[in-house]
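Structure record follows, encoded as structure tokens.
Each reported figure results from applying straightforward, stated rules to the coordinates on display, with no laboratory input. Everything numeric here is computed off the predicted structure, so don't read it as measured data. Backbone-built Cβ (ideal geometry, glycine too); neighbour counts: all protein chains shown.
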Amino acid sequence: MSAGLTKDEIRRIMLDKLGVVYEDWHIPGRPFEDIMTAPGERREDARAFVIALVAALVGGVAEAIDRNNARITRPRRRAAAPGAVRVRALRDVQGYRVEGQDGELLGEVRDAYFDDHSWTVRYLLIADAGRELPPVFLSPHSLRRIDRRQRAIIAALTPAELRASPEIAPRPAISRAAEIGLLKYYGFPYYWSGRHRWGDDVYPQPLAIAPAANEPGGEAGPEAHLRSVRDFRHYTIHATDGEIGHVDDVLIEPRSWAVGYIVVDTRRWWPGARILLAPEWVNYVSWVERSVHVSIDRATIRTAPPYDRTHAIDRTYEARLHAHYGRPTYWRDHAA
């Protein structure tokens, strides 16, 4: 059984929640104290600010409890077949063209969003390719197949269906309330209410648009749980004895869309290369300070088996990686 959250980790969670309120209410170029007196832009309502502040504090406490319980009772990852290529670089998908079910061009992949609880990619951000469509969020539920040779994604949607979807401004973080509007439009299950990574399913299932009949479980407040991968890149990596690099990319499991590894670029600090860290080895992420913290020293990270994006990751490499960090191999854990 793993240890729970530390006091510093709880403090970081609370700071992240308060940071969301600050970003929402702060007027650039003015002192933060002017929030209560500045006219217009809905900042004149002092009661609304106080309510948002209290909601952030309550949300922080709830998230700290959830993360603490999740860490103590963290489930083991599913086993993969020996020798299988388990993860792929998400950066490679960027720029893929997206085609609708009728063959029409819908746009191209510009970004991806993962949820910060289960470290799973939930949406691809599709940008206009000259068709006057606003940026839209495409769930793996809507994907029919990915053609890596043609650098194309085939979606089970039409341009009209995309145009009618709720507009969400692409930001570094997306709130749960905004996401619910998207899920209701498509009729997709509320993944956070189920037993598995995708609700009641282990993997995202192909679904057609149908109004959702069920109501989402859990809170649907302003808390941000969806994080932009593009923004996540360049977050600094903090070892136990200082900074060691920055996030360069994430590697995902093709079937579940789970983040299998974080790619760390250490070349700014050392004459080295890119190395990998698993999300399970991360102590906490400060979304306000844009930093990832791990309980591993810099020397151990610097001497880890290098990651070469031109070579597929196989079980042999993963075994070397886990042995280097002194971490149990998840497939042996599962078999034990």
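Give the order of Thr310, Thr158, Thr266 when sorted by the count of other beta carbons within 10 angstrom, beginning with the fewest.
Fewest to most other Cβ atoms nearby, the residues stand as Thr310, Thr158, Thr266.
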Between Ile296 and residues 5 or more places away or on another chain, the pairs with built amide H atoms under 5 Å apart involve Thr240
Amide H to amide H, which residues 5 or more places from Trp119 or on other chains are under 5 Å from it, using H placed in the peptide plane?
-> none
What is the calculated FRET efficiency for Gln205 to His234, with r their C-beta to C-beta distance and R₀ = 41 Å, to the nearest 0.05?
-> 0.75
Most exposed first, judged by fewest Cβ atoms within 10 angstrom, Ser139, Ser291 run Ser291, Ser139
Amide H partners (placed H, <5 Å) of Tyr96, local residues excluded | Val109
